[in-house]
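Where a number appears in this text, it was derived from the coordinates with a stated rule and is not lab data. Bear in mind that the values here come from a model prediction, so they are computed numbers and not experimental data. Heads up, the Cβs are rebuilt from the backbone with ideal geometry, glycines too, and the neighbour counts pull from every protein chain shown.
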Amino acid sequence: MSWARSKTSWAGPAAGARLPDGPAGTEGMRAMEVTASAIRFRESCAAARTAGQAGGFVPTMGALHAGHARLIETAKGECGFVAASIFVNPLQFGPAEDLSAYPRPIERDRETAESLGCDLLFVPSEAEMYPRGLTEVTVDPGPLGDRLEGASRPGHFRGVLTVVAKLFDLLGPGRAYFGEKDAQQLALVRRMVADLNMPVEVVTVPTVREPDGLALSSRNAYLDPTERAVAPVLFEALSDAAVRVRGGERDARVLKAEMARTVGAEPLAKVEYVAVVDDMTWEEIGEIAGPARALVAARVGPARLIDNLLLPWQPGPSVQNSHDSAANEG
Ligand code: AMP
């Protein structure tokens, strides 16, 4: 892994990304520090706090795209010191999943993080995060960890919460930015922080999409052009559910059946689940009577894609998102 600062290694933004051209005026901008050391990450976050700066943290698995960029930009807008991490966490991948294939364009990511004004990039090795080998002591996500994504990916959320807890411990008191794209993960992180009294404020950042609605994801890189053309069907199904709710549909079974039908109509797409949940409790519901979230997971070619949308259960001009819902405390 090379940290050489050669601009020639800049391969341009990830597919679909709309990233800034580069640092907008370098005066007054600190050079980004890159570290693989957990102790150094902890020290830098602590030093920023001592200097009176609010610390913002954006955990990622890398292959940075405009969704990650939005998280970092949001953190930059709210915090004097912004750290991001890149760690493809083996603990959250199942044995048959894409751990070894997961994209790792580390040099391009470093350039991207720096161009977005990150102060610190933490890029630990597996040995740095799990010095005794994969940890025996883990965070139990509770019942929500076994449903929906958790049912499709057994052990996934235990792995996610364990690594997030470790990262939060290094961060110390601060703010952490997560994407609504992974809404169940976000709900579980919020529950962990509340249940385990972690001194971290969790901030929700709305999903960044391609113009055709496809949610940006590092896994979109697995799609060939034909599959890429099909992939927006997930958002199409969710948007259709939102339109139906706005039109007065309250029966979640109808919404689920229609979502499954829309995605299933694409021969290249294989539905894993569709669901409509109460956005507070994450229980599946039969009737829309309050903030509810529609979810879909499907395989498109080699990629497993997920997406979700908060349903506009109240009369209004547009689909609600995380900014106008109080429902993100799930
Ligand atoms: P990942 O690298 O996939 O683990 O994602 C790191 C963070 O970026 C998570 O909080 C994700 O929810 C968030 N994220 C991923 N894709 C998007 C997107 N399209 N829009 C907003 N946030 C995203």
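A few notes on this one:
- Here the Karplus curve 6.51 cos²θ - 1.76 cosθ + 1.60, taken at θ = phi - 60°, turns the phi angles of the range 175-185 into couplings of 10, 10, 10, 10, x, 5, 3, 9, 5, 5, 4 Hz, with x standing for Gly and Pro.
- Across the range 300-305, rounded Karplus estimates of 3J(HN,Hα) from the backbone phi angles (6.51 cos²θ - 1.76 cosθ + 1.60, θ = phi - 60°) give 10, x, x, 9, 9, 10 Hz, Gly and Pro being marked x.
- Among beta bridges that DSSP assigns inside the chain, antiparallel share in %, nearest 5: 50
- Summarising the amide proton neighbourhood of TRP313: residues at separation of 5 or more, or on other chains, whose placed amide H is nearer than 5 Å comprise ALA292.
- Directionally averaged projected area (the range 33-205, Cα convex hull): 9.4 nm².
- Under 12 Å, Cβ to Cβ, from SER44 - net charge with Lys/Arg +1 and Asp/Glu -1: +1
- Taking amide hydrogens as placed 1.01 Å from N in the peptide plane, the amide H of ALA176 sits under 5 Å from those of PHE57, GLU201, VAL202, VAL203, each at least 5 positions away in sequence or on another chain.
- Number of Lys-Lys pairs in the chain with C-alpha atoms under 27 Å apart and a separation of 8 or more places or on different chains: 7.
- Amide hydrogen proximity for TYR273: with H placed 1.01 Å from N in the peptide plane, the residues at 5 or more positions away or on another chain lying under 5 Å are ALA297.
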